[in-house]
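The values are calculated or read from the model by the stated rules, or taken from the named source; none is laboratory data. Please read all numbers here as calculations on a predicted model, not as lab measurements. Ideal geometry is used to build each Cβ from the backbone, glycine not excepted, and the neighbour counts take in all protein chains shown.
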Amino acid sequence: MSTVRLRCVRVLEDRIDLVLEADAAPITGEVAERAAARLLDWLPGLVLHRCSTDGAHPFVEELRGTQTPHLFEHVVLELLVRAGSPFGVRGETVWRRGEDAYCVSIFDDDDAVCLAAARLALRLIEGALGDGMTFDIDVEVGRLAALRATPNGEPFVIDPR
Amino acid sequence: MNDTRDTALAPQQLTVDDLKQKVLQIRDLAEAETREVLQRDATKVMAVGAIALVAVVSIAYYLGSHRHRSAPGDMM
């Protein structure tokens, strides 16, 4: 089973960087098919996601053959959107050939929600890749949304600087 | 009784030795100048070399890294 582990987190002004350890090889075959089906069942909004790897295209084209951290990035973005973030949130996954560390940057609108979304995304991916786990996704997303510092407000409006 | 002396100097005559001396001074000056210019150029060459090295390393790093850019909708 492909595993993914969070190595460290950097909360920056415009984004959160999450450094992950994961297999360098993309997940493929039956595991990828099963994981894709489960993730789409939990988060149907993933079909709307776009990727710019080798030209812009729908993420579903990569869903069954990409690296786990890239999957993680999209799951975090979808959880953010479900928890009330605007569609303008975006992400980036950077890695170096032959290394097992990936840097996933999420350009978020609320750091607390983003960090909680990252933790939930790790659990969802573990569940999707593993033997199966049940999630009440609406309850989980509700918990994320409750963390939002400025519900229905402008981001950074509470920043005194 | 007054003791007077004529202190006025007679105009100096330029000798061959004087000329030799001048030539040697000019040569020394030219050598010093050349050394300074060469040193300055060496520093310049080293600076350009360092910049080129940094550029090559940066390009190598960029080419060796990979990235996915993603968005949840059609906002890319």
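Among the listed residues B:GLN25, B:GLN39, which satisfies the condition of being away from every other protein chain (no Cβ under 14 Å), at pLDDT below 90 and surrounded by 10 or more Cβ atoms within 10 Å (Cβ to Cβ)?
B:GLN39
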Original post:
If we keep just the residues of the stretch A:100-120 that are in a strand (DSSP E or B) and small (Gly, Ala, Ser), which is surrounded by the fewest Cβ atoms within 10 Å (Cβ to Cβ)?
Top reply: A:ALA101
**OP:** Would you confirm whether any residue within the stretch A:83-99 is of a type in the set (A, V, I, L, M), at pLDDT below 90, out of contact with any helix residue (DSSP H, G or I) (no Cβ under 7 Å at 6 or more places or on another chain) and not in a helix (DSSP H, G or I)?
**Re:** no
Original post:
Would you call A:VAL76 surrounded by 15 or more Cβ atoms within 10 Å (Cβ to Cβ) and touching a His at 6+ places or on another chain (Cβ under 9 Å)?
Top reply: no
Subject >> Yes/no for A:GLY88 being more than 11 Å from chain B (Cβ to nearest Cβ) and more than 13 Å from the chain's Cα centre (by Cα) >> reply: no
**OP:** Go over the candidates A:VAL139, A:VAL76 one by one and state the one that is more than 9 Å from every other protein chain (Cβ to nearest Cβ), out of contact with any helix residue (DSSP H, G or I) (no Cβ under 7 Å at 6 or more places or on another chain) and not in a loop (DSSP other than H, G, I, E, B).
**Re:** A:VAL139
